[in-house]
Amino acid sequence: MKIVVIDGQGGKMGRSIIEKLLQYNMRPGEITAIGTNSTATENMLKASPDFAATGENAAVVACRDADVICGPMGILVADALLGETTPRMAVAVGQSKAKKVLVPVDRCGVYVAGVSDMQMAERISRAAEEVISLVDNR
């Protein structure tokens, strides 16, 4: 099972997701961290994913054979994350056959009606739980 965690900016959300995945299940599958920039990748590496890479092409390649893609909602929207999500990256995530587990983030410029008001830590925990559920039910 190949899990791809994509994040931008400082990579804090991606790092938290990876840490939660490893906390809930020793190794839920192969975890690949993809940063939209080197700072995000460097921060996610601190959570000890199996693999890590940086940039647009890395995201496109990783999405090709991913089973699950997880990250902020902005990874599906071109120019989100302050422009760090390129159109090519958004298309790669969107067209991937992988299940997508997205964390709603208001800063992405996309609002999801009906999403309850909760702290970011709780959203990240729920995302990690959903990924584990998908891995366990494969």
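Some notes on this structure:
- Scanning the stretch 7-57 for residues that are at pLDDT 95 or above, out of contact with any Ser or Thr (no Cβ under 7 Å at 6 or more places or on another chain), within 25 Å of N137 (Cα to Cα) and among the hydrophobic types (A, V, I, L, M, F, W, C) yields M13, I17, I18, I31, I34, A47.
- Residue count, the stretch 50-69 (criterion: closer than 14 Å to G29 by Cα and assigned to a strand (DSSP E or B)): 3
- Against the list (1) modelled with pLDDT of 95 or more; (2) in contact with a Cys (Cβ under 9 Å, 6 or more places away or on another chain); (3) farther than 16 Å from L21 by Cα, the condition G74 fails is (1).
- Selected residue (criterion: surrounded by the fewest Cβ atoms within 10 Å (Cβ to Cβ)) from residues of the stretch 72-90 that are free of Cβ contacts under 8 Å to residues at least 60 places away in the same chain and on the phi > 0 side of the Ramachandran plot: G83
- V61 passes every criterion in (1) touching a residue at least 12 places away in the same chain (Cβ under 8 Å); (2) within 13 Å of V4 (Cβ to Cβ) apart from (1).
- Test: residue in the stretch 64-71 that is buried (at least 18 other Cβ atoms within 10 Å of the Cβ), acidic (D, E) and modelled with pLDDT of 95 or more: yes
- Of all residues making up the stretch 3-40, the number that are within 14 Å of M89 (Cβ to Cβ), free of Cβ contacts under 8 Å to residues at least 40 places away in the same chain and surrounded by fewer than 24 Cβ atoms within 10 Å (Cβ to Cβ): 0
- Out of A121, A127, A78, sole residue that is among the small types (G, A, S) and either more than 14 Å from M13 (Cα to Cα) or part of a loop (DSSP other than H, G, I, E, B) (or both): A78
- The stretch 113-125 residues that are small (G, A, S), paired with ones that are surrounded by 11 or more Cβ atoms within 10 Å (Cβ to Cβ) (beta carbon under 7 Å, 6 or more apart): S125/K20
- When the stretch 2-39 is limited to residues that are β-branched (V, I, T) and either closer than 14 Å to I132 by Cβ or in a helix (DSSP H, G or I) (or both), the one that is farthest from the chain's Cα centre (by Cα) turns out to be T39.
The values are calculated or read from the model by the stated rules, or taken from the named source; none is laboratory data. Since the structure is predicted, the reported quantities are computational estimates derived from the model, not experimental observations. Ideal geometry is used to build each Cβ from the backbone, glycine not excepted, and the neighbour counts take in all protein chains shown.
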